[in-house]
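Asker: Just dropping this structure here.
The values are calculated or read from the model by the stated rules, or taken from the named source; none is laboratory data. Predicted model, so just to flag it, every value in this text is computed and none were measured. All Cβ positions, glycine included, derive from the backbone under ideal geometry; neighbour counts span all protein chains shown.
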Amino acid sequence: MMEQDHAQLTEPSYQVMEQAAEWFALLRSGEATAAQQLAWQQWLQASVEHQRAWFYVERIGQRFEPIQVSPVRSAAVSAFCQVQNQQARRRQVLRGLLVLSGSSLLGWAGWQQTTQFRLPMADYHTATGEIRMLALQDGTHVWLNALSAVNEQYQPHQRQLTLVSGEMLVQTAPDPSRQFIVTTPYGQLRALGTRFSVRLEDHHVLVAVYDGAVEIQTAWHGTTQIIPAGSQARFTDERIFSAEPADPAREAWSRGILIAQDIPLTELITELRRYYSGHLSLSPDAAELRVFGSYPVTDIEQTLSMLESVLPIQIQVPFPGWKRIRLKRST
């Protein structure tokens with residue numbers, strides 16, 4: 001049962017996602033023949049992974065449909081809606097399977113959406129592409145990265161922030177009578193007059209210190225270590241890993257910039273996805289290209305154009321909201 005649940009929350013493969021995108025683009029164009037519509041139905045019914053990918057692609061496409069205003073595009077949308085209406089019975093069957101399988105058809109895409117829905121429950125939160133600066137009551141300043149959330153608990157003896165999701169940069173205000181604590185699922189941080197960033201990952205926390213120092217205390221063993229300015233370290237609930245030089249990229253995002261210092265393209269694209277409400281699809285053969293430079297997170301189009309100008313890649317857009325990044329084919 002656990003393996004089944006894990007499979008349902010696993011992102012569909014690149015190949016399946018691209019197949020779903022191609023089907024969506026064809027049906028949306030209004031040019032699909034009856035034979036192609038039948039082939040799409042057969043593809044959709046072939047596996048739950050196909051259905052998860054289709055659900056995700058369809059959601060991306062619908063998110064960008066309101067900006068389609070030209071007569072040609074409106075006709076395309078109408079044609080696509082006609083195909084959808086023809087599949088009403090099929091959708092009822094899928095919904096029935098959805099109930100029986102415990103939301104397995106939603107799977108990974110539904111889980112992603114549910115995770116984002118939890119963010120507004122926090123005291124402070126940000127949406128896709130949003131970077132927010134907070135001025136707290138004691139004069140502390142906090143910058144929240146996109147898709148991040150934090151709770152605030154200020155008490156007479158202690159100032160505490162709890163990072164619920166994502167990443168934040170903190171510039172603490174001096175207050176000798178109250179220590180400043182940041183809690184995470186893996187342990188807590190005690191600020192020692194400092195400017196630092198905290199990033200919550202799937203299995204660890206990354207803290208980078210730019211001024212002052214930060215004390216890490218793990219949740220399970222209570223292991224402690226002070227990280228000085230100019231250093232960063234990862235920790236889990238059991239251990240603290242060796243400190244290394246602080247990555248300036250962990251601070252630059254607060255100014256709307258992503259810094260790439262000889263990192264694989266897949267790492268940069270993963271970061272860019274926090275700022276784009278559509279989908280950035282990266283082919284596996286381009287994933288390990290090395291990237292250098294500074295890129296604006298507030299203008300994804302410009303960033304992709306900059307990458308296309310310095311790397312052997314090409315950007316394709318099968319439909320609005322879906323950007324496909326591939327190796328450039330040799331001529």
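Asker: Among the candidates L280, L304, single out the residue that is touching a residue at least 12 places away in the same chain (Cβ under 8 Å), in a strand (DSSP E or B) and within 22 Å of L147 (Cα to Cα).
Answerer: Only one candidate qualifies: L280.
Asker: Suppose we filter region 177-199 for residues that are more than 20 Å from Q155 (Cα to Cα) and assigned to a loop (DSSP other than H, G, I, E, B); how many remain?
Answerer: Final tally of qualifying residues: 2.
Asker: Condition test on Q225, is it at pLDDT 95 or above and farther than 29 Å from A127 by Cβ?
Answerer: yes
Asker: Quickly run through region 6-50 and pick out the residues that are buried (at least 19 other Cβ atoms within 10 Å of the Cβ) and among the acidic types (D, E).
Answerer: Once the filter is applied, which keeps residues that are buried (at least 19 other Cβ atoms within 10 Å of the Cβ) and among the acidic types (D, E), region 6-50 yields E18, E49.
Asker: OK, next. Is there a residue being of a type in the set (S, T, N, Q), under 20 Å from S165 (Cβ atoms) and assigned to a loop (DSSP other than H, G, I, E, B) anywhere in region 228-236?
Answerer: There is at least one residue in region 228-236 that is of a type in the set (S, T, N, Q), under 20 Å from S165 (Cβ atoms) and assigned to a loop (DSSP other than H, G, I, E, B).
Asker: If you go through region 288-331 one residue at a time, how many are under 18 Å from Q261 (Cα atoms) and buried (at least 16 other Cβ atoms within 10 Å of the Cβ)?
Answerer: Selection size over region 288-331: 8.
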